[in-house]
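Heads up: the structure comes next, in structure tokens.
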Amino acid sequence: MIFFVILRIEWSVVMIKETKRGIFILVEIVSFIVFFLLCLGIFYLIGNRNIDENENNVQEESKIKSANLKYIINNSLDMNVDISLEKEESEELYDLIKSLEFGQNETKCLINPVYYLEYDENELYLDMSCGSAIYNGKEYSVTNGKEEVSKFLENIMNTMNNVYLFSFDQRSQKAQLIEIDDEGKNEIRSIWTNHNKETMTMNLAVMLQYYLYIDGDVVGINEIDDYVSYNTDSFAGHIMQLNQDMQTVLEKYIVNSDCCSCCPNLQPGEYCIDLCCPCN
């Protein structure tokens, strides 16, 4: 009887030990599962973070592609041409613009913008000769980065076929680009290179209906077989005549009228002075 009691006690001790061991093993299993789930959660968070960073990088790259460059002619914001850029050029220009630093505009010169840029929903007009800018509607002085941007833009323009013709509406003061193919541009440039550019000063009103831009020179035209202005906005200033070769090539894009175009459109109280048919 005592033997069976002792055996029972020993068996109970063994069962307690086995039970503790089972509980320990169960705790270990539960701990491993919790650790595994935590690791999965951490990897999930890191993965989402990497995805967010990649999306941000894609967004940054898309901002670079959204840069837009226009070249402003004769200081007229309405008289501009789009400049197409390669992807690498666009990225380089974007970086250069972002590095520009602006300060208070203390220059006394009048801002005559030459370039217009759109990027990241910003608008920027640059006057490279004055070192000034109009950034989102406010005037600033470019304090840092101007030289790099200026050199880049000059290199871009040197590769362009910079011959442009605009029609100009005197009433609305709006200009519209007239398309000329590269063959026509090369022909105009070739004639202009050998053209006599001697001017005369005359108190003469030239009602400009067209602007011809050739590598920095601006010719204001009313009728191509009449007097034209040369590198001046003033009606009474540097006047010259186009030679027959230039008149012939421009006739492909400009049609002379039999009489002045402004007189039939006059409203009561308006007046017009024209070489063809003065009226008021």
Might you let me know whether segment 138-157 holds any residue that is in contact (Cβ under 8 Å) with a residue 60 or more places away in the chain and within 30 Å of residue 254 (Cα to Cα)? yes
Kindly indicate the residue of segment 167-183 that is surrounded by fewer than 17 Cβ atoms within 10 Å (Cβ to Cβ), within 25 Å of the chain's Cα centre (by Cα) and closer than 17 Å to residue 78 by Cα and also modelled with the lowest pLDDT among those meeting that condition. 173
Would you confirm, using the coordinates I've provided, whether residue 164 is buried (at least 16 other Cβ atoms within 10 Å of the Cβ), closer than 30 Å to residue 183 by Cα and in contact with a strand residue (DSSP E or B) (Cβ under 8 Å, 6 or more places away or on another chain)? yes
Checking residue 89 against (1) on the phi > 0 side of the Ramachandran plot; (2) touching a helix residue (DSSP H, G or I) at 6+ places or on another chain (Cβ under 8 Å), only one condition comes out false. Which one? (1)
Could you grab me the full set of residues in segment 93-127 that are more than 13 Å from the chain's Cα centre (by Cα) and among the β-branched types (Val, Ile, Thr)? 107, 111
Quick check: anything in segment 75-95 touching an Asp or Glu at 6+ places or on another chain (Cβ under 8 Å) and not hydrophobic (A, V, I, L, M, F, W, C)? no
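The values are calculated or read from the model by the stated rules, or taken from the named source; none is laboratory data. Please read these numbers as outputs of a predicted model, since none were measured by experiment. When we count neighbours, we look across all protein chains shown, and the Cβ atoms used for this are built from the backbone with ideal geometry, even at glycine.
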